[in-house]
């Protein structure tokens, strides 16, 4: 034990010298927390994602601290300073401490025991050194520790992997991923957020353990998938990790390598989809819709006598596949319905005219943001086809311009925007019941077609004539 401790100290000394000049700006509350613990005699470090992101120049507000102190000692030290504490994960050595109105998770150095559920350790053991704690981390780029005086600690060559833009498991990959299967999806998500590749043995470990993802809660799967979709390098991540993601999104398998055999496409269905996701703005609604929009193409595909591919009805199939996926995940029903609306309407041709745009808005339930998302999806789709299709982005721009004009003029495209109500219709002579709704719908059609102005008197006159017919 003494020899091991001596070797660890020598290794740390070498590492400390190598990276002592690294300086990471820590916010005052984190510096105060470290200083409070160290003054009480407990070695402490900033660890994990904050250190990684700081070295990459990426913003991050999620600061975690690892310390020699047990959670009760942490609680005692900070409460003596007037800081509130919360016993959020004390079974695993984690205490949440509020320092200057900022919540920090402070965790005792630990090593994890067995993982019977492939997600949570059955028990943890508390250890004395930060190196032992870092040994339980998922990837080398996350197994970094920093202290403003001692510098950077990197026992697993995470800095080299940061420079190489590589995700490498700490230790044996199969062991890491069999312990906690969520780490597999974290790797896919990091590939999307950071643009990193997966080291060969690490990816092989992910593949060999992906069956364990069935034991991860749908809430955690949904969270990781959405973060992956919102990543700045999502195209590359989807293409590199599709065989892993197939364990939670088996619908991707049919898309991989499926050639479209059409002059409008130069990519297979999967790569086209990955580019569409990449080429849409990074907000959840449009990126989920982009992932699903062409999922039904392999099922709808046929070739004509000239060998050209066709996908008639693929949007309806895509919608049903998307409905099934979102039913498995934990996306809210209201959000899912908006995604499905985008999927079913993504391929519709909408002319940039007042009538066409108002009719499209009516089909979307008058949801202005949904129409804007549809324009974003159409732009992303056009940019991800053959080069000849890129000019279609201008059509999406024109649709948004027409939308802006319609909104500025406060024109009607839903029943709520009509200058008459159901009571007005009944006052005009309509019997209470279905006739009122039919009359309102006819009035809205007349306004959209610009046959009748959206004025109460004109609409009542129109309804009276309509009731006679």
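So here's what we get for this one:
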read-out: Over region 415-468: Rg over Rh, Cα atoms, Kirkwood Rh; value: 0.90
read-out: Rounded to 10°, Cα long-axis angle of helix 2-19 versus longest principal axis of the chain; value: 60 degrees
read-out: Sorted by Cβ neighbour density within 10 Å, fewest at the top, the residues 335, 301; value: 335, 301
read-out: Cα-projected label distance for residue 368 with residue 214, points at 7 Å along beta-carbon direction, nm; value: 4.8 nm
read-out: Burial ordering of 304, 35, fewest other beta-carbon atoms within 10 Å first; value: 304, 35
read-out: Region 193-215 and region 387-441: distance between their alpha carbon centers, rounded to Å; value: 49 Å
read-out: Centre separation in Å (Cα based) which lies between region 217-273 and region 336-354; value: 21 Å
read-out: Sum of -39500 (n - 2.57) over DSSP H runs of 4+, divided by residues of the chain (222 nm, nearest 500); value: -15500 deg cm²/dmol
read-out: Neighbour-count ranking [beta-carbon atoms within 10 angstrom, fewest first] of 468, 358, 256; value: 468, 256, 358
read-out: Degrees between helix 456-468 axis and first principal axis of the chain (Cα, 0 to 90, nearest 10); value: 60 degrees
read-out: Separation in nanometres of the label points that stand 7 Å from Cα toward Cβ, at residue 426 and residue 353; value: 3.8 nm
read-out: Overall dimensions of the chain by Cα: Rg and Dmax, Å; value: 28.9, 101
read-out: Cα shape, region 21-115, gyration tensor, a/c 1.5 rule; value: oblate
read-out: Contact order relative to length of the chain, as percent, for alpha carbon pairs under 8 angstrom and 6 or more apart; value: 8 percent
read-out: Geometric extent, Cα atoms of region 208-322 - Rg, Dmax (angstrom); value: 14.7, 48
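Every number in this text was worked out from the coordinates using simple rules, so none of it is lab data. Treat the numbers as computed from the prediction; the structure is a model and nothing was measured. Methodologically, a virtual Cβ is constructed for each residue, glycine included, from the backbone with ideal geometry; neighbour enumeration extends over all protein chains shown.
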